[in-house]
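> One structure, as structure tokens, below. Some questions next.
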Amino acid sequence: MADQRVSVHGMWSSRAVFIMAAVGSAVGLGNIWKFPYITGEYGGGAFVVVYLLCIALIGIPVMMAEILLGRRGRSSPIGTMQRLAREENASNAWVLLGYGGVVAGFLILSFYSVIAGWALAYVFQAASGGLNGISAEGAEGLFGGLVGSPGQLLLWHSLFMLMTVAVVARGVRHGLERAITILMPALFVMLVIMVGYAYVEGDFARGAAFLFNTDFAKVFQLCTGPAEALDCSFSGEPLLVAMGHAFFTLSLGMGAIMAYGAYVPERASITGATITIAAADTLVALLAGLAIFPIVFASGLEPSSGPGLIFQSLAIAFGGMPGGQWFGTIFFVLLVFAAWSSSISLVEPAVAWLVDTRGWRRGSAALLIGLTAWTLGIGSALSFNLWSGPEYQLFGKTLFDLKDFLASNIMLPLGGLFISLFVAYSAGRHMALDELSIQRQHLFNLWWFVIRYIAPLGIVVVFLNSIGVF
Ligand code: TRP
């Protein structure tokens, strides 16, 4: 029966196009902005190892499960869960997975768009020569000036949201396919050039050591305060953040990949696609780290300086390199594109739902969702200036941090947990076997074991650890 099902939004023209779109969703600010800055905050190598383990043991198997659900259901995540729960005689409560994803998508988009706005602002800075010859202090000042201005942040945030809505309204395929095929490889080449520059001009040995030397004591400790009076205590938070980031960077756990999976042709191999997507995503993150940390150390920036890390370090790099005005402009344009192809996938589950189930037009659905996320995003923009003070914080976090924490570290892993539980226990082996059509039995058995036991237990253990149970 699943064979005849076709999504109303059409299909990807081939498996390769699906992979491109999924890579476009996965590779974004998560790899280039968030990965370096949280790695810097949580002390480097050991955090990276935990993150890589989460990608391999939880991310890849859950991504296979999420794609197979999407292709089986051929609808929006909400529609898919409704349909599959009925077919598998499972509780209708599984649709909550779809609704939860839509909420998480709003939360993420509402801060994602603000950061993408920074990248937009830096396109203009770079192009107008504003970065030329900039010093470390100058780069900090420039970044501080941008995030300190509510007006500027709201302007760039609005512009980026408009760009997202415009593409989603036209339909992901028409809006996106061609652009991604050229721009993602270009971004990759730019990153390799940046790593080359960091190798020659930066403190490469120290940067690479920071990224790859594992000091596990650091993962289990949270240190705060200035270097001479560090206050360290045991904490499960770094583990939780590493796992949350594995979900975030792969676009997992909220239905984005499920929505894209609904447009996958019947015969395409899900396993091969997943491994390609995860490998490309991880490679881009590691390259970004290798490009940025050598510059951070060479120019005396603090690795733990927070969300501004890449904007400050890259400004210094482009400011000092011959032709930096050009390179910088191109790099930030490509970064905006990477963010764009990601933000589109954050909107797609909700749009697909309004169109499939509620009979809305794509354009109106995209507009409503964009407007809601834009409104929520005002709080994220103000978190860096008017609302940055302690009186506007909860648990020591600004609104921006809270939304990121709740969506990335709680909602996405919870989504992933329920995806694996549904596939492994509510639907059962027949559905997975049918969709995955893995030729080699032992490979299927391996995945089946991981999705039944390792992935769900891993997520639960990290959750329990983070609230101090063990
Ligand atoms: N993965 C993207 C990035 O790394 C962000 C993203 C897009 C995302 N779609 C998502 C994150 C869905 C979680 C869920 O920039």
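The values are calculated or read from the model by the stated rules, or taken from the named source; none is laboratory data. Bear in mind that the values here come from a model prediction, so they are computed numbers and not experimental data. Here the Cβ positions follow ideal geometry from the backbone for every residue, glycine too, while neighbour counts run over all protein chains shown. Only protein heavy atoms, including side chains, enter the accessible area calculation; ligands, DNA and RNA are left aside. Shrake-Rupley method; radii C 1.70, N 1.55, O 1.52, S 1.80 Å.
> Mind listing whichever residues of segment 15-33 are within 14 Å of the ligand (Cβ to nearest atom) and either open to solvent by less than 10 Å² (accessible area, probe 1.4 Å) or free of Cβ contacts under 8 Å to residues at least 12 places away in the same chain (or both)?
Answer for segment 15-33, where residues must be within 14 Å of the ligand (Cβ to nearest atom) and either open to solvent by less than 10 Å² (accessible area, probe 1.4 Å) or free of Cβ contacts under 8 Å to residues at least 12 places away in the same chain (or both): Ala21, Ala22, Gly24, Ser25, Ala26, Val27, Gly28, Leu29, Gly30, Asn31, Ile32, Trp33.
> Could you check, for segment 59-72, whether at least one of its residues is crowded, with 20+ Cβ neighbours inside 10 Å, closer than 30 Å to Pro294 by Cα, within 14 Å of the ligand (Cβ to nearest atom) and not aromatic (Phe, Trp, Tyr)?
yes
> Which members of segment 82-94 meet the condition of being open to solvent by less than 40 Å² (accessible area, probe 1.4 Å) and in a helix (DSSP H, G or I)?
Passing the criteria: Leu84, Ala85.
> Identify, from the list Leu446, Leu386, Leu412, the residue that is open to solvent by 20 Å² or more (accessible area, probe 1.4 Å) and either over 28 Å from Gly73 (Cβ atoms) or in contact (Cβ under 8 Å) with a residue 40 or more places away in the chain (or both).
Leu386
> If you don't mind, there's one more thing I want to ask. Would you pick out the residues in segment 333-381 that are within 16 Å of the ligand (Cβ to nearest atom) and of a type in the set (Asp, Glu)?
Residue satisfying the conditions is Glu348 alone.
> Among the residues of segment 278-321, write down those that are small (Gly, Ala, Ser) and within 16 Å of the ligand (Cβ to nearest atom).
Ala278, Ala279, Ala280, Ala285, Ala288, Gly289, listed by residue number.
> For the condition part of a helix (DSSP H, G or I) and closer than 30 Å to Ser235 by Cα, what is the one hit in Gly70, Gly30, Gly79, Gly43?
Gly30
> I need the full set of residues from segment 250-277 which are within 12 Å of the ligand (Cβ to nearest atom) and among the β-branched types (Val, Ile, Thr), in order please.
Ile257, Ile277
> Just checking, which of Phe418, Phe422 is modelled with pLDDT of 95 or more, within 16 Å of the ligand (Cβ to nearest atom) and not aliphatic (A, V, I, L, M)?
Exactly one of Phe418, Phe422 is modelled with pLDDT of 95 or more, within 16 Å of the ligand (Cβ to nearest atom) and not aliphatic (A, V, I, L, M), namely Phe418.
> Continuing with the same structure: Just give me the residues in segment 173-212 being open to solvent by 40 Å² or more (accessible area, probe 1.4 Å), in contact (Cβ under 8 Å) with a residue 40 or more places away in the chain, among the β-branched types (Val, Ile, Thr) and under 30 Å from Pro265 (Cα atoms), in sequence order.
If the condition is that a residue be open to solvent by 40 Å² or more (accessible area, probe 1.4 Å), in contact (Cβ under 8 Å) with a residue 40 or more places away in the chain, among the β-branched types (Val, Ile, Thr) and under 30 Å from Pro265 (Cα atoms), then Thr181 is the only one that fits.
> Let me ask you something else. For the structure I just gave you, tell me whether Glu391 is open to solvent by 60 Å² or more (accessible area, probe 1.4 Å) and modelled with pLDDT under 95.
yes
> Name the residue that is surrounded by the most Cβ atoms within 10 Å (Cβ to Cβ), counting only residues in segment 319-366 that are farther than 30 Å from Gly196 by Cα and either aromatic (Phe, Trp, Tyr) or free of Cβ contacts under 8 Å to residues at least 12 places away in the same chain (or both).
Result: Trp353.
> Evaluate the following for Thr398: is it open to solvent by 10 Å² or more (accessible area, probe 1.4 Å), closer than 24 Å to Gly171 by Cα and in contact (Cβ under 8 Å) with a residue 12 or more places away in the chain?
Considered against the rule, which asks whether it is open to solvent by 10 Å² or more (accessible area, probe 1.4 Å), closer than 24 Å to Gly171 by Cα and in contact (Cβ under 8 Å) with a residue 12 or more places away in the chain, Thr398 comes out as no.
> I would also like to ask the following. Filter segment 41-54 for residues that are modelled with pLDDT of 95 or more and open to solvent by less than 10 Å² (accessible area, probe 1.4 Å); which is farthest from the ligand (Cβ to nearest atom)?
The selected residue is Val48.
> (1) open to solvent by less than 60 Å² (accessible area, probe 1.4 Å); (2) at pLDDT below 90: which one isn't true of Lys218, the others all being true?
(1)
> If you don't mind, there's one more thing I want to ask. Can you spot a residue in segment 109-126 that is of a type outside the set (Gly, Ala, Ser), touching a residue at least 60 places away in the same chain (Cβ under 8 Å), outside any helix (DSSP H, G or I) and buried (at least 18 other Cβ atoms within 10 Å of the Cβ)?
Checked segment 109-126: no residue is of a type outside the set (Gly, Ala, Ser), touching a residue at least 60 places away in the same chain (Cβ under 8 Å), outside any helix (DSSP H, G or I) and buried (at least 18 other Cβ atoms within 10 Å of the Cβ).
> Let me ask something else about it. Consider Leu309 carefully, then state whether it is at pLDDT 95 or above and assigned to a helix (DSSP H, G or I).
Considered against the rule, which asks whether it is at pLDDT 95 or above and assigned to a helix (DSSP H, G or I), Leu309 comes out as yes.
> Same structure again: Identify the residue in segment 1-14 that is touching a residue at least 60 places away in the same chain (Cβ under 8 Å) and part of a helix (DSSP H, G or I) and, among all such residues, is most open to solvent (accessible area, probe 1.4 Å).
Within segment 1-14, the match that is most open to solvent (accessible area, probe 1.4 Å) is Asp3.
> Right, next: Among the residues of segment 271-293, is any open to solvent by less than 30 Å² (accessible area, probe 1.4 Å), at pLDDT below 95 and assigned to a helix (DSSP H, G or I)?
Looking for residues that are open to solvent by less than 30 Å² (accessible area, probe 1.4 Å), at pLDDT below 95 and assigned to a helix (DSSP H, G or I), one finds at least one in segment 271-293, hence yes.
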